Amino acid sequence: MNWTAVRALYMFELARTWRTLFQSILTPVLTTSLYFVVFGSAIGSRMETIGGGSYGAFIIPGLMLLTILSESIANASFGIYLPRFTGTIYELLSAPVGVAETLLGYVGAAATKSVILALIILGTARCFVPFEIVHPFWAAGFLLLIAVSFCLFGFILGLWADGFEKLQVVPLMVVTPLTFLGGTFYSIDMLPEPWRTITLFNPIVYLVSGLRWAFYGTADINIAVSAGLTLAFMAACIVAIAWIFRTGYRLRT
């Protein structure tokens, strides 16, 4: 393992965050704060408790995921797309740096930014609504698993995209709608049939449910199912990236 290369890639990607601090950190936090003001305070104060707690506390896991998923994909995809766009990817490919080092550098930096953002959002939520995390260690582990999985997915998008427009297609047209329909603002048990059954085909439901269980100890989906599907998704992304580097797909053109 070339740890010097890992550190160089990791620090370079983290440095880009501080150069674009407003876009990377402040914008997502301000957006999430608006959700808390509108849904948590204005609308939540008029709603009955859900799962034994306030509506404002209920939507915290979903709002965290809404931001973390999009930011994880955006950070990782742009991080690898930019070297392809400028041509510096060939320096990386010709250097004694393997797939593992590349992933630890790029994906590790993107996941770090996502986790930092999640902690900031959690602190922001505390300003609007009181809450307690029932399983803090599980919440931290599951959050890290989600961040790494979707950073890997974003890395694949960055290798696949042949233009800046394509970097935004999946996050805006697929991930964000699925997150809104994945139980972010409601429990799927509140849905009538057949919509509840149809919602189970939405993969984001399992992420929201798993994180909500870590926060409050209750969930719509069994926690083992949520964790298992997330691990399977991460493994599939790793296999896909290994195939891309082995075949040179989108790397040498």
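The values are calculated or read from the model by the stated rules, or taken from the named source; none is laboratory data. Small disclaimer: the values here were computed from a predicted structure and weren't measured. Every residue, glycine among them, receives a Cβ derived from its backbone with ideal geometry; neighbour counts consider all protein chains shown.
The table that follows gives values for the structure above.
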item: Lone qualifier among Thr179, Thr218 - being part of a helix (DSSP H, G or I) and among the hydroxyl-bearing types (Ser, Thr, Tyr); result: Thr179
item: Residue among Val170, Val174 that alone is surrounded by fewer than 18 Cβ atoms within 10 Å (Cβ to Cβ) and either touching a strand residue (DSSP E or B) at 6+ places or on another chain (Cβ under 7 Å) or aliphatic (A, V, I, L, M) (or both); result: Val174
item: Some residue of region 191-209 being outside any loop (DSSP other than H, G, I, E, B), at pLDDT 90 or above, touching a Ser or Thr at 6+ places or on another chain (Cβ under 7 Å) and over 19 Å from Ile60 (Cβ atoms); result: no
item: The listed residue being more than 27 Å from Arg7 (Cα to Cα), modelled with pLDDT of 85 or more and surrounded by 18 or more Cβ atoms within 10 Å (Cβ to Cβ), out of Thr179, Thr102, Thr184; result: Thr179
item: Qualifying residue in region 140-156 (condition: part of a helix (DSSP H, G or I) and more than 17 Å from Thr230 (Cβ to Cβ)); result: no
item: Number of the condition not met by Phe142 [criteria: (1) at negative phi; (2) more than 14 Å from the chain's Cα centre (by Cα); (3) crowded, with 20+ Cβ neighbours inside 10 Å]; result: (2)
item: Per-region count, region 37-61, residues at pLDDT below 75 and under 19 Å from the mean Cα position of the chain (by Cα); result: 0
item: Residues (surrounded by 13 or more Cβ atoms within 10 Å (Cβ to Cβ) and either among the small types (Gly, Ala, Ser) or part of a helix (DSSP H, G or I) (or both)) located in region 229-253; result: Leu229, Thr230, Phe233, Met234, Ala236, Cys237, Ile238, Ala240, Ile241, Ala242, Ile244, Phe245
item: Residue satisfying condition, being acidic (Asp, Glu), part of a helix (DSSP H, G or I) and at negative phi, within set Glu165, Glu132; result: Glu165
item: Residue count, region 156-167 (criterion: surrounded by 16 or more Cβ atoms within 10 Å (Cβ to Cβ) and not small (Gly, Ala, Ser)); result: 5
item: Only one of Val170, Val205 that is among the β-branched types (Val, Ile, Thr), touching a residue at least 12 places away in the same chain (Cβ under 8 Å) and over 30 Å from Gly87 (Cα atoms); result: Val205
item: Identity of the residue in region 194-228, of a type in the set (Val, Ile, Thr) and under 18 Å from Ile146 (Cα atoms), that ends up surrounded by the most Cβ atoms within 10 Å (Cβ to Cβ); result: Val208
